[in-house]
Amino acid sequence: MPSPNSEPVNSPSLRIHVYGHVSASPAAIASTFAGAVSEKAEPDSDLAIFAINPSAGIDAQTISLWQELDDFQIPRLVLVNGLEGQELDFDDAAMLASRVFDQVITPYLVLHSDDGEPIALIRLQNLEIIDYSTNPPTTRHCDPEHEELVREFRDEYLEQTSEMDEGAFAAGIIFPAIPINLNKGIGVDVVHRYIDLLPSSS
């Protein structure tokens, strides 16, 4: 199972293509990760990023592009963008992606502040919290309350990945869904670390 923990040092030679409805801000995501927005399936990609907005769902064109890439086993990430409050739920978006794309895995879940704003991610592999309310973000182990809150999600995640090796993501076998908020920097470091798991383009 991939364990993106090292400092991100993305290779400039990687070919990254971003797909998704305009409501999911694919252009901003492409800019953040040195990619290019595409409206057609790009079989020569090193990575395909599918951006989705929980409040808008997933449009037919984006679903079709995902299906077109199935023949090429290109590594794919699903980025759930636009998380600004509890009404926009990452878990629901990941479930939808699993229905209309393929089964996705959720290595991280979102933690909210008391006013409902997303402020942190919890990594299900080791229950580490990345707190983005600090600058720079800080990491700490979760408390018992959070551990109980994510127990079922963690059990499911560990079961899904129990037989996967380190190269499963880069081989295009598993599809991580990552919560992201570009304004707050939430999840950006996580995506960079997944990108760093890819071999450089020749």
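Overall size of segment 87-154 from C-alpha positions, given as principal axis extents largest first: 36, 23, 21 Å. Fully extending the segment from Ala171 to Asp92 would add 25.8 nm, taking 0.36 nm per residue of separation and subtracting the current Cα-Cα distance. For segment 16-41 versus segment 129-202, the inter-centroid distance based on Cα atoms is 20 Å.
In this structure, Glu152 and Asp196 have a Cβ-Cβ separation that, at R0 = 35 Å, corresponds to a calculated FRET efficiency of about 0.70. Rg/Rh, computed from the Cα trace of segment 83-202 with Rh as the Kirkwood radius, has the value 0.96.
Candidates Ala94, Tyr108, Ile63 compared by Cα position along the dipole of segment 55-122: farthest toward the positive end lies Ile63, with charges placed on Cβ.
Compute, for segment 17-81, the length of the dipole vector about the Cα centre, with Cβ point charges of +1 (Lys, Arg) and -1 (Asp, Glu) only. Units Debye, rounded to 20.
260
Annotation: extensible slack from Gln61 through Gln125 equals 19.7 nm (criterion: 0.36 nm per residue apart, minus Cα-Cα distance). Taking every alpha-carbon pair in segment 13-76 and binning the separations at 10 Å intervals from zero gives 25, 56, 19, 0 percent.
Dividing the summed -39500 (n - 2.57) terms of all DSSP H runs of n ≥ 4 by the residue count of the chain sets its mean residue ellipticity at 222 nm at -7000 deg cm²/dmol. Taking the average, over residues, of other Cβ atoms within 10 Å as the packing measure, peptides 170-178, 113-121 rank 170-178, 113-121 from highest down. DSSP beta bridges confined to the chain are antiparallel in about 50 percent of cases.
Decide, for segment 116-185, between rounded, prolate and oblate: order the square roots of the alpha carbon gyration tensor eigenvalues as a ≥ b ≥ c, take rounded if a/c falls under 1.5, and otherwise choose prolate if a/b is larger than b/c, else oblate. Judged from the Cα gyration tensor, segment 116-185 comes out oblate (a/c at least 1.5, b/c at or above a/b). Sorted into 5 angstrom bins from 0, the C-alpha pair distances of segment 11-128 split as 2, 12, 21, 22, 22, 13, 7, 2, 0 percent. Of the peptides 89-101, 153-165, the order by per-residue mean of other Cβ atoms within 10 Å, starting with the highest, comes out as 89-101, 153-165.
Residue-normalised convex hull volume from the C-alpha trace of the chain: 114 Å³ per residue. Were the residues from Gln73 through Ser23 laid out at 0.36 nm apart, the gain over their Cα-Cα distance would be 15.4 nm. Fewest-first ordering of His112, His146 by other beta carbons within 10 Å of each residue's beta carbon gives His112, His146.
Taking the Cα centre of segment 43-202 as origin and assigning +1 to Lys and Arg Cβ atoms and -1 to Asp and Glu Cβ atoms, the resulting dipole is close to 380 debye.
Computed from the coordinates by the stated procedures, all read-outs in this text should not be read as laboratory data. What you see is a predicted model, and the numbers here were worked out from it, not measured in a lab. When we count neighbours, we look across all protein chains shown, and the Cβ atoms used for this are built from the backbone with ideal geometry, even at glycine.
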